[in-house]
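Worksheet for the structure shown next.
The values are calculated or read from the model by the stated rules, or taken from the named source; none is laboratory data. Since we're looking at a predicted model, the values are computed, not measured. Virtual Cβ from ideal backbone geometry, glycine too; neighbours counted across all protein chains shown.
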Amino acid sequence: MAALIFDFDGVVADSESLANLVLAEAVSALGHPTTLDDALTRYCGRRWSDVVIAIEGDLGAELPPDFSDALKAATLARFRSDLREVEGASAFIARFHAIPRCIASSSSIERLTLCLDVLGLASQFGQNVFSAEMVARGKPHPDIFLLAASKLGTNPESCLVIEDSTGGIKAAAAAGMESIGLCAASHIRAAHAERLRAAGATHIATSWQEVDTLATEFLQRQQAMA
């Protein structure tokens, strides 16, 4: 049975620029000047525990005890006011409503729940929202995608992953899944497609319209093999 696995930030929600801008501001306030591009390069697409290690390495010191809570509050507030979808995401999700699908993200369940509500997409995924909090290892390890396939009741080779980060693409490859590297959100910078290809992306798309074509072809191949 074919299934679609969506990363969330930078794929469904155009959230990476917002979240990383808030993060850059917070790290800068601690005395380590950090731009949006710095944050995107160093921290984007990683599990929070790994981001903390990276920030502390950059600072050369431990983060304040309240840093994570304060950052989360500031980020969620920005999402409530400014979050938008990646253009075309909701139309694609609605068009492929009959195909088993899920979210498999490095973000927390709390953040995913809020963002899906803000975007009006919670009903499209129901309980099929999976976070790296649920597995031992985050991306680029395959754990979250293997969990997703198991929960959807399908085999990894029958899953198509839609991702925007190199870590996510590597995780999909490690899980034995076909992947689309999507370069459509506002945080995408020059040469990102090349980095996704180097990480193992099966396909590259620059819009949800291109994803539509690639997903249709994938589903046709899966049906032919059934």
Count - residues of segment 8-57 that are within 21 Å of Asp82 (Cα to Cα) and not in a helix (DSSP H, G or I): 11
Filter result for Ala132 (among the aliphatic types (A, V, I, L, M), at pLDDT below 95 and in contact with a Lys or Arg (Cβ under 8 Å, 6 or more places away or on another chain)): yes
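Results for (1) over 15 Å from the mean Cα position of the chain (by Cα); (2) crowded, with 20+ Cβ neighbours inside 10 Å, shown as yes or no for each residue.
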{"position": "Glu157", "(1), (2)": "yes, no"}
{"position": "Val161", "(1), (2)": "no, yes"}
{"position": "Asp164", "(1), (2)": "no, yes"}
{"position": "Lys170", "(1), (2)": "no, yes"}
{"position": "Ala174", "(1), (2)": "yes, no"}
{"position": "Leu182", "(1), (2)": "no, yes"}
{"position": "Ser186", "(1), (2)": "no, no"}
{"position": "Ala190", "(1), (2)": "yes, no"}
Residues of segment 90-119 satisfying the condition of being of a type in the set (A, V, I, L, M) and assigned to a loop (DSSP other than H, G, I, E, B): Ala98, Ile99
Any pair with Cβ under 6 angstrom, 6 or more apart, that starts in segment 115-135 at a residue that is closer than 13 Å to Ser90 by Cβ and ends at one that is of a type outside the set (A, V, I, L, M, F, W, C): Leu119/Glu85
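Take the residues in segment 76-89 that are assigned to a helix (DSSP H, G or I) and either at pLDDT below 95 or among the basic types (Lys, Arg) (or both); name whichever of them is farthest from Ala19 (Cα to Cα).
Arg80
Looking at this structure, is Ala98 of a type outside the set (Lys, Arg) and under 27 Å from Gly200 (Cβ atoms)? Give the derivation first.
Working: of a type outside the set (Lys, Arg): yes; under 27 Å from Gly200 (Cβ atoms): no.
No, not satisfied.
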